Amino acid sequence: KGVHRLFSKESNRAQTIQSELCKLGANIQLENDEMHILPARSPITHKVSSCNDHRIAMASAIFGLMLNQPIEITNAQAVNKSFPNFYKLLESVT
């Protein structure tokens, strides 16, 4: 609940989460002010865009950990805005 807060960030973050993570197999539905996360599906592609949004890049990378092959995140360096060591740390825990 409270998805309306995500509409005016670096991107329309709610819509971007839905569109980009669904490419990787997420099953996300937006309904009014709610985001519903349902059981995952098969990936459509392994390439997503961060839309220059650091949180989208990080969410995509974490979601990608459950897939059988690496993913490609365009503008992955967006994480440098808030967490420059994110990928190094993520690699250390996987």
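The values are calculated or read from the model by the stated rules, or taken from the named source; none is laboratory data. Source: prediction; values computed, not measured. Every residue, glycine as well, gets a Cβ built from its backbone with ideal geometry; the counts of neighbours run over all protein chains shown. Note: areas computed on protein heavy atoms with side chains; ligands, DNA, RNA excluded. Shrake-Rupley method; radii C 1.70, N 1.55, O 1.52, S 1.80 Å.
When the residues of segment 59-94 are filtered to those that are over 14 Å from the mean Cα position of the chain (by Cα) and either within 17 Å of SER19 (Cβ to Cβ) or among the polar types (S, T, N, Q) (or both), the one that is least open to solvent (accessible area, probe 1.4 Å) is SER82. The set of residues from segment 2-58 being at pLDDT 90 or above, among the basic types (Lys, Arg) and surrounded by fewer than 12 Cβ atoms within 10 Å (Cβ to Cβ) comprises just one member, ARG41.
Looking at THR45, THR16, which is the one that is hydroxyl-bearing (Ser, Thr, Tyr), part of a helix (DSSP H, G or I) and in contact with a helix residue (DSSP H, G or I) (Cβ under 9 Å, 6 or more places away or on another chain)?
So the residue among THR45, THR16 that is hydroxyl-bearing (Ser, Thr, Tyr), part of a helix (DSSP H, G or I) and in contact with a helix residue (DSSP H, G or I) (Cβ under 9 Å, 6 or more places away or on another chain) is THR16.
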